[in-house]
Amino acid sequence: MEQNSQENQGKSIEQLVIEQLKTIFDPEIPVNIYDLGLIYKLEVSTNNEVRILMTLTAPNCPVADSLPEEVMDRVKEIQGVTSVEVNLTFDPPWTEDNLSEEARLEMGLL
């Protein structure tokens, strides 16, 4: 489903991508992947090409194949995005230090 262009008027592609990433949840932890700190780098070119560097909570994560693909598919839905590239890395490894304050609160760590 394509993002509503009227609803998104005035927002940058980067803001829209972040909003979209916040709708994708890790299956084992009830927190979205953005607040979980799985997104290491987000770049949007002047041509609205989106590049994402992300990780998983563990290399043997059961969604290691499907989660990056879901990220790519969901970001492609955003009107104005011309291409999406998602790369997976485990360097540096994910730790709880990556959690946003919002995620810490939701998980009862604050």
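The values are calculated or read from the model by the stated rules, or taken from the named source; none is laboratory data. Because the structure is a prediction, the values reported are computed rather than measured. Cβ coordinates were reconstructed from backbone atoms using ideal geometry, including for glycine residues, and neighbour counts include every protein chain displayed. With ligands, DNA and RNA removed, areas are computed over all heavy atoms of the protein, side chains included. Shrake-Rupley method; radii C 1.70, N 1.55, O 1.52, S 1.80 Å.
Identify, please: which residue in region 10-26 is under 14 Å from the mean Cα position of the chain (by Cα) and modelled with pLDDT under 95 and is, among those, most open to solvent (accessible area, probe 1.4 Å)?
Narrowing region 10-26 to residues under 14 Å from the mean Cα position of the chain (by Cα): 13-26.
The next check asks that each one be modelled with pLDDT under 95; those that pass are 25-26.
On the way: F25: 105, D26: 7 Å².
Selected residue: F25.
Taking E7 as meeting all but one of (1) open to solvent by 50 Å² or more (accessible area, probe 1.4 Å); (2) at pLDDT 85 or above, write down the number of the exception.
All conditions are met except number (2).
In region 30-47, which residues are open to solvent by 60 Å² or more (accessible area, probe 1.4 Å) and within 17 Å of E14 (Cα to Cα)?
If the condition is that a residue be open to solvent by 60 Å² or more (accessible area, probe 1.4 Å) and within 17 Å of E14 (Cα to Cα), then Y34, Y40, K41, E43, T46, N47 are the ones that fit.
Identify, by number, the condition in (1) without any contact (Cβ under 8 Å) to a residue 60 or more places away in the chain; (2) open to solvent by less than 40 Å² (accessible area, probe 1.4 Å); (3) not in a helix (DSSP H, G or I); (4) not basic (K, R) that P68 doesn't meet.
(3)
Kindly indicate the residue of region 53-64 that is hydrophobic (A, V, I, L, M, F, W, C) and surrounded by 16 or more Cβ atoms within 10 Å (Cβ to Cβ) and also modelled with the highest pLDDT among those meeting that condition. It would help to see each step written out before you state the result.
First, the residues of region 53-64 that are hydrophobic (A, V, I, L, M, F, W, C): 53-54, 56, 58, 61, 63-64.
Right, trim to surrounded by 16 or more Cβ atoms within 10 Å (Cβ to Cβ) and you get 54, 56, 61.
Values: M54: 97, L56: 93, C61: 83.
This residue is M54.
Could you figure out which of (1) surrounded by fewer than 20 Cβ atoms within 10 Å (Cβ to Cβ); (2) over 30 Å from G108 (Cβ atoms) isn't true of V50?
(1)
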